[in-house]
1. Which shape class applies to segment A:65-119: rounded if a/c is under 1.5, otherwise prolate when a/b exceeds b/c and oblate if not, where a ≥ b ≥ c are the square roots of the Cα gyration tensor eigenvalues?
2. For chain A, find the longest principal axis of its Cα atoms and tell me its angle to the long axis of helix A:114-127, 0 to 90°, nearest 10.
3. Which FRET efficiency value, to the nearest 0.05, do you get for residue A:184 and residue A:91 by plugging their Cβ-Cβ distance into 1/(1 + (r/R0)^6) with R0 = 22 Å?
4. Roughly how compact is the protein assembly as shown, stated as its Cα Rg over 2.2 N^0.38 Å to two decimals?
5. Note down the nm distance, to one decimal, between modelled labels 7 Å out along Cα→Cβ at residue A:263 and at residue B:26.
6. In nm, to one decimal, how far is the modelled label at residue B:430 from the one at residue B:68, with both set 7 Å along Cα→Cβ?
7. Determine, for B:190, B:91, the number of other Cβ atoms within 10 Å of each Cβ, and report the residues in order from fewest to most.
8. Based only on the alpha carbon positions, what is the Kirkwood hydrodynamic radius of chain A, in angstrom?
């Protein structure tokens, strides 16, 4: 279900937001729109400006330039309480001296309607999967449970917008995976517009409807997880998201490049630069059962095979490309049909449909 | 007070939210105004007075020249300097030895020894002076030890000041010593360093900063203390007493102001040195440091016990002789028990009403002061924006550290006793004395509160704002309860300080509103040493009593709070 197709309008719009701290530009003219009910992830390395952007939206910091509108109402300079959002921080910021119930009811008004609050708290605790935890204190809960309480507290007042600042980063891997799924399910059920900041690209791709990749205060790319992964529009996105092979190349035709002494064809257009870097995901490298003289096919020596559970990783040394290493990832099932031995020479196809070219010299 | 503010505000909606920001600004500037009134303006008036003649005309630096040409004042300055250096040189090794014995041994009862080491804090600086008079004065118990010498003079003052400054040095050095990283000692041992080499290359460098900072604090305290030289100084004149004589005795305000500025110098100098050092000092303890635990060694523990016994008994003697003498009929000829000295009927100084005033003052200072300090620290640490006001508030909060009580008292005389001041009528009242005490002890209290608040998650306020809960509700429901132990500490500190302090208040009290610590001076001046000892004992007992009461209260509250403090 794509919200845009339902004709739903933009819930949150940012236009030309900039924020400088001294000589450091944390945010440089960032514009972004988030549709109602959408789950958007801000993804990027630390210092890329994603947290600054979240703080501007929350009203915890003010922009030097630009504007923010929530449901078509300008909130650029409004106090946090004049906006309509709930927030969950990485530290959860649960009030340690208040019980779980008091934490969740903290924002419920008016204060004296205890009975009504009790029902609402019970409803929220059921929703986040912690029934009966009302009388516990935060120190008595595990990290994952604290995270659920913080989420319940943020949702208690039924805000139109949910802001999540690295909410899963402080948890261990197993809890994180489970909570990620639950968070997504809850968000879809409630239909609350959600903006989450994360530096974990796997998490962003798994949970978001749309991912916003940020770097050095700018937005590099906005797209669905598949678009970000399959068609990274800049070298930065390609390097930051997922793993990739990088092959130095030179332009030799309209859609043809030279790598070592091989000629490769690309379906995508080439950037206007003499020196290129070719990009190819390891799972897109095809190891063929036998040699045939097809385009984009080279011979490579199997250097190493390492087992990795769902995928087996093969380190290849392509002939005619001195010093170049090529990684391929294949299902173990394929290896059952076509066993590989280190030292063996195999034909390898680098599919023209999957190859992308970026301008630049050396890869990282 | 809070709920009253709450009721005024319209609930929710735009008006309430705009009101929240307005209240924050109002609160901030109200606090700044209080501190300006109690601290900034009086200090400015000292500077103004120092360049005026007796009638208020501007005379430039004439007063300074006069002071420099006055042989009496110059002798007092050199005496003060000599005294400060001697006491600092003696108290640092003593306090260091005591702190080392407490923290680096495995002796039983270290908590008790710690309390003994800090016990001088409970007494006014007059207490050791009175004890010294009882021990070595003209009718002293141990007068023979002096072989015809006299306790009144330089060495008498040194001894009294040693007692008075010891706990201050001890606290700072203990903090420095307790920040020890066991990994450094392990590395030293593995590399073959003996105990002496470990001490010289690890322990001493680690506390260098603490030693210097303790030295600066002691030096400033000695220079500006007034009680000890007044009682056992004899002919040995010091600047602090001189300032008092000029202002209260001779009503020579301009010269008093110059002397006050002279006394401000060492404190300002210490502040500058401390700031420079703090910048160079790296964090002594990183997050990965292992706490140091001393290995068993009976030889070291025996040495430590000897040290604690020697210093502790000396401290107890200087505290205890005064207390004991207050219950004795006629020292040293008739040692029968009596409560007669506690009647105060036949002596000057205000007697029980002075004690009552002191109790009121200390209670009001503790209650109002801790409230003010906690609101101020919260505004400084937790509220967003208002950068200018907040840095002004922070500066004013740190300023009292550099202002000796004596100087502050002088400022109060010049500012509040000025005939043109609309608050002139306030002069000499209990309210003004409370303001003076709060201002005088503000820095330590503020730092305690700010440190506690800084340990709270910085995002509490952000979460509360997102839930549309105003900041004062969060202050009341979360910050204050979580910081309760620090709040109790601040209240205890303010109470004991207000009970024992003399230096600032002696300038602004009037005979109608006498205070316990001041009446000790009056009684001692009149030769009623036993009554003075009785009053000093009352002060010690009240301070100790309240400390005990608050400890009990803390334990009680702690039990109630255990539910959320303890996991599981």
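1. oblate
2. 20
3. 0.50
4. This ratio for the protein assembly as shown stands at 1.25.
5. Distance between the two pseudo-spin positions: 8.3 nm.
6. Rounded to a tenth, the inter-label distance reads 4.7 nm.
7. Fewest to most other Cβ atoms nearby, the residues stand as B:190, B:91.
8. Kirkwood hydrodynamic radius for chain A: 23.3 Å.
Any read-out appearing in this document is the output of simple, stated calculations on the displayed coordinates, not a laboratory observation. Please read these numbers as outputs of a predicted model, since none were measured by experiment. All Cβ positions, even for glycine, are placed from backbone atoms using ideal geometry, and neighbour counts span all protein chains on display.
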